[in-house]
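The values are calculated or read from the model by the stated rules, or taken from the named source; none is laboratory data. Everything numeric here is computed off the predicted structure, so don't read it as measured data. As a convention, Cβ positions derive from the backbone with ideal geometry for all residues, glycine included, and neighbour counts pool all protein chains shown.
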Protein chains: 2
Amino acid sequence: MEAASADIGTLCREASVASRLLASAPAGKRDQALTAIALGLRERTGEVLEANRADLDDERARELTPALRDRLSLDEERIEAMAVGAEQVRDLDDPLGEVLEEKTLPNGLRLEKVRVPLGVVAVVYEARPNVTIDCSALTIKSGNALVLRGSSYAERTNSALADVVRDALAASGLPEDAVVLASGGGREALAELATREDEVDLLIPRGGEGLKQALKEVATVPVIYAASGNCHVYVHEEADLGMARAIAVNAKVNRPGVCNAAETLLVDRAIAPEFLPLVLNELAGEGVELVGDAETVELSDGTEVGAASEEDWDTEFLDLKLAVGVVDDLDAAIEHVNAHGSGHSEAIVTQSEEAAGRFAREVDAAAVYVNASTRFTDGFEYGMGAEIGNSTQKLHARGPIGLRELTTYKYVVRGEGQVRG
Amino acid sequence: MEAASADIGTLCREASVASRLLASAPAGKRDQALTAIALGLRERTGEVLEANRADLDDERARELTPALRDRLSLDEERIEAMAVGAEQVRDLDDPLGEVLEEKTLPNGLRLEKVRVPLGVVAVVYEARPNVTIDCSALTIKSGNALVLRGSSYAERTNSALADVVRDALAASGLPEDAVVLASGGGREALAELATREDEVDLLIPRGGEGLKQALKEVATVPVIYAASGNCHVYVHEEADLGMARAIAVNAKVNRPGVCNAAETLLVDRAIAPEFLPLVLNELAGEGVELVGDAETVELSDGTEVGAASEEDWDTEFLDLKLAVGVVDDLDAAIEHVNAHGSGHSEAIVTQSEEAAGRFAREVDAAAVYVNASTRFTDGFEYGMGAEIGNSTQKLHARGPIGLRELTTYKYVVRGEGQVRG
């Protein structure tokens, strides 16, 4: 069956109707649909690859950078990875129906706080077609309907993938409109989607700053913005310096273009003369461009370190570039991190339990690490099975957004005729 | 000490600094401050009443309706009730530090998901001065700093109450700026408060539609809007009709001006001829203005029932007025409630477990009642000790907003040098 190509308003209404059916569908059926998605992907790999080739051959795709073309490209291995991903989500615990709280009130009312789906989740994404499957798997498992809006570059690929999902839903006795795909329509369609308050319960943008800003201007539905990460590694005076070096280097160079990569290294003054020359040399050896405060530059021992501007401490480089600063002590480090960090992932390296405890308590961030790399903030790494994004907001979901973060709760209260006096 | 009378921006910055100190203060100190608030209120009752008299005597207060003057008025009893309220909040379990999840990841990282304060909560409220104390108690207990913006009518009263709170904080070794009071400045000050994204983590408006609309237009900080309640009582064909009558009448007349009062009564066709004449007669006897669909009017048996307009089914009357409709069956009732309800509180009266289960699952609302009045949706009734408002949003907090709803969480991850491969 073809994914519907109706206007956004119609798609949202269809998804909303489907969401009510999906919300009361048993876990068995939702899991069956995920099995059917995996099977469908394997059986229809050729069809998906053909659609993907057409997208790549399209003249619109010619203007893409090699990196973006790579993101858009599928092969058998990538499709198999999507199938395995859907099976992994299927095998997670059902998040629905969990009783979060249960009590009998003095008047005899029996109160249950029960986990239920949000309803309709909308995801706006750019080139990667795997998002089509990843988000479908997470929303189906969590009993939510999904409105997808992908990039026009990936139109045919996303449509082929959405067809697999919708057929799997139908084959499992679930409404195929539980996943609908919109494409085209530009900024107007985006604005329409972001203001369907009666139908869309949550919108998650997965894209760059341009998309974020466009949404901030128009959205009236709740949005969880993908996190930006200005993350720090702080090396305390009581750190194991070998460990500190390994963590600082890993947090920066393991994958510099992602939000949980480190952007600033802070070093206690007491150990700076011993630690800085070694770590700066190692970072430079990994191709990292270094900028630092005056003390760092002074202690760089031949490694090239530029002068850091005020702006550098607030910048998410997303690249092989690192700002390095010397701080007085733990207090100064906490103050610096809280002043400049984006509340994503912050690490301290120390053998002192007391310093670790204070840093963990007083640093205001989604994730605080003691003696580990900031790179671990991730739904898969956290054992949540998957993630649909990562939040630095404090309301609703903080950190990785997995299955449970796609739910809300309701109170179900049972009585025998109680009325209020 | 006088509550600061600085501009909103300064107050927000002060509250933000204080919030970090409060967040790491032990439960003992936060509880001590609540004890000191209760004591302060009792010792300084005269001072508060004098301020209240000055507000009531002010020419600005002359334009207030008698109902609003009553809301603004304090007496010894009302002040004692605030003191008792502060003590009750003190005696609730500490919401902070709770470990929501704890696991060791395959790589040996030990992950804890820990409940922490939001940071700075802002509350904008209208005439009732008790909000000053209620919100202070809830935010201090939950480790949050509070920016209060009260009505200019209650300026002196709120200021006297905020002084009691700030002195109690200082006497307990906590920063007095953990509670700051702003007043005046009109819509501009409100807009300023609603856009302090770097300092304000949550804004809760407690006021009418005008305030809500004003905020919707300008707010960039997260806002949880006080719920509007278009609540239904549905009498299923298998209901105990005596119980149904008591619940319908209570839900409407117990306190018609609040959000958990019923606005619509739905009755299954099978029992309408038996049930409607009795319940309509009883409701009319309680002074309720009735409007109904054609079948209800026909079955009214002499009780005056006007013709309901299409709009009536979507209206929160907040008054002694009720819309009454006959429905085919459970399916039709669920459809009506989901189409017209505001997702606040919805009740079914039935002896059928199956019907109750379906209504509870399929109705999309913060609270669903089986054989009980909708009037129970309330933080006190739910044993949460208190509430700062009530939410019909699905994200973060749904239903009563108590201590736990004023918190977020952070991941604290401890390792021995783990880096990502």
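Tabulated results
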| quantity | calculated |
| --- | --- |
| Any hit, region B:79-100, residues being free of Cβ contacts under 8 Å to residues at least 24 places away in the same chain, farther than 24 Å from B:T35 by Cα and surrounded by 15 or more Cβ atoms within 10 Å (Cβ to Cβ) | no |
| Residue match in region A:122-139 (condition: within 14 Å of chain B (Cβ to nearest Cβ) and closer than 29 Å to B:D378 by Cβ) | no |
| Residue count for region A:251-269, restricted to those that are farther than 19 Å from A:V370 by Cβ and of a type outside the set (D, E) | 7 |
| Conditions (1) more than 14 Å from chain B (Cβ to nearest Cβ); (2) touching a Lys or Arg at 6+ places or on another chain (Cβ under 9 Å): number failed by A:R60 | (2) |
| Qualifying residue in region A:264-276 (condition: within 27 Å of A:G379 (Cβ to Cβ) and either within 14 Å of chain B (Cβ to nearest Cβ) or touching a His at 6+ places or on another chain (Cβ under 6 Å) (or both)) | yes |
| Some residue of region A:197-208 being at pLDDT below 90 and assigned to a strand (DSSP E or B) | yes |
| Residues (part of a strand (DSSP E or B) and within 24 Å of A:G28 (Cβ to Cβ)) located in region A:79-105 | A:V99, A:L100 |
| Residue list for region B:335-374, filter: β-branched (V, I, T) and either in contact with a Gly (Cβ under 9 Å, 6 or more places away or on another chain) or more than 9 Å from every other protein chain (Cβ to nearest Cβ) (or both) | B:V337, B:I348, B:V349, B:T350, B:V363, B:V370, B:T374 |
| Failed item, numbered, when B:T374 is tested on (1) at pLDDT 95 or above; (2) surrounded by fewer than 21 Cβ atoms within 10 Å (Cβ to Cβ) | (2) |
| Scan of region B:388-421 for residues that are buried (at least 22 other Cβ atoms within 10 Å of the Cβ), among the charged types (D, E, K, R) and more than 7 Å from every other protein chain (Cβ to nearest Cβ), ordered by number | B:E405 |
| Meets criteria (under 24 Å from B:E217 (Cβ atoms) and assigned by TED's automatic domain parsing to the domain that holds A:A23) for A:R206 | no |
| Residue check for A:V305: away from chain B (no Cβ under 14 Å), closer than 12 Å to A:V233 by Cα and aliphatic (A, V, I, L, M) | no |
| Unique residue being acidic (D, E), modelled with pLDDT of 95 or more and touching a helix residue (DSSP H, G or I) at 6+ places or on another chain (Cβ under 7 Å) when the list is B:E310, B:E304, B:E263 | B:E304 |
| Counted residues, region B:299-328 - those being small (G, A, S) and either within 18 Å of B:E282 (Cα to Cα) or not assigned by TED's automatic domain parsing to the domain that holds B:N260 (or both) | 5 |
| Of residues in region B:152-162 being in contact with a Lys or Arg (Cβ under 9 Å, 6 or more places away or on another chain) and either of a type in the set (F, W, Y) or closer than 22 Å to B:R196 by Cα (or both), the one surrounded by the fewest Cβ atoms within 10 Å (Cβ to Cβ) | B:S152 |
| Of all residues in region A:381-413 being among the β-branched types (V, I, T) and modelled with pLDDT under 95, the one that is farthest from the chain's Cα centre (by Cα) | A:T392 |
| Scope region B:268-295; condition in contact with a helix residue (DSSP H, G or I) (Cβ under 6 Å, 6 or more places away or on another chain) and within 18 Å of B:H336 (Cα to Cα); matching residues | B:V291 |
| Leading residue by the ranking (farthest from the other protein chains (Cβ to nearest Cβ)) among those in region B:213-229 that are farther than 14 Å from B:Q393 by Cα and modelled with pLDDT of 85 or more | B:A214 |
| Close pairs from region B:28-46: first assigned by TED's automatic domain parsing to the domain that holds B:G85 and under 15 Å from B:C135 (Cα atoms), partner surrounded by fewer than 18 Cβ atoms within 10 Å (Cβ to Cβ) and β-branched (V, I, T), Cβ under 8 Å, at least 6 apart | B:A38/B:V84 |
| The listed residue being surrounded by 20 or more Cβ atoms within 10 Å (Cβ to Cβ), modelled with pLDDT under 95 and not small (G, A, S), out of B:P117, B:P129 | B:P129 |
| B:I348 more than 18 Å from the chain's Cα centre (by Cα) and without any contact (Cβ under 8 Å) to a residue 60 or more places away in the chain | no |
| Unique residue being in contact (Cβ under 8 Å) with a residue 60 or more places away in the chain and within 14 Å of chain A (Cβ to nearest Cβ) when the list is B:L146, B:L118, B:L72 | B:L118 |
| Leading residue by the ranking (nearest to A:R13 (Cα to Cα)) among those in region A:188-200 that are in contact (Cβ under 8 Å) with a residue 60 or more places away in the chain and within 13 Å of another protein chain (Cβ to nearest Cβ) | A:E199 |
| Answer residue from region B:232-247, given it is touching a strand residue (DSSP E or B) at 6+ places or on another chain (Cβ under 7 Å) and part of a helix (DSSP H, G or I) and is nearest to the other protein chains (Cβ to nearest Cβ) among those | B:M243 |
| Qualifying positions in region A:106-147 - assigned to a strand (DSSP E or B) and more than 16 Å from the chain's Cα centre (by Cα) | A:R110, A:L111, A:E112, A:K113, A:V114, A:R115, A:V116, A:P117, A:V120, A:A145, A:L146, A:V147 |
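For (1) over 21 Å from B:T350 (Cβ atoms); (2) without any contact (Cβ under 8 Å) to a residue 24 or more places away in the chain, each residue gets a yes or a no:
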{"residue": "B:L202", "(1), (2)": "yes, no"}
{"residue": "B:G210", "(1), (2)": "yes, yes"}
{"residue": "B:A219", "(1), (2)": "yes, no"}
{"residue": "B:V223", "(1), (2)": "yes, no"}
{"residue": "B:E237", "(1), (2)": "no, no"}
{"residue": "B:L241", "(1), (2)": "no, no"}
{"residue": "B:A251", "(1), (2)": "no, no"}
{"residue": "B:C259", "(1), (2)": "yes, no"}
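For every residue, the table says whether it meets (1) of a type in the set (V, I, T); (2) more than 30 Å from B:A366 (Cβ to Cβ).
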| site | (1), (2) |
| --- | --- |
| A:I334 | yes, yes |
| A:G357 | no, yes |
| A:E381 | no, yes |
| A:E416 | no, no |
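To keep it simple, each residue is scored yes or no on (1) away from chain B (no Cβ under 14 Å); (2) surrounded by fewer than 14 Cβ atoms within 10 Å (Cβ to Cβ); (3) in a helix (DSSP H, G or I).
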| residue | (1), (2), (3) |
| --- | --- |
| A:C12 | yes, no, yes |
| A:L22 | no, no, yes |
| A:A25 | no, no, no |
| A:G28 | yes, yes, yes |
| A:Q32 | yes, no, yes |
| A:T35 | yes, no, yes |
| A:G40 | yes, no, yes |
| A:L49 | yes, no, yes |
| A:D55 | yes, no, yes |
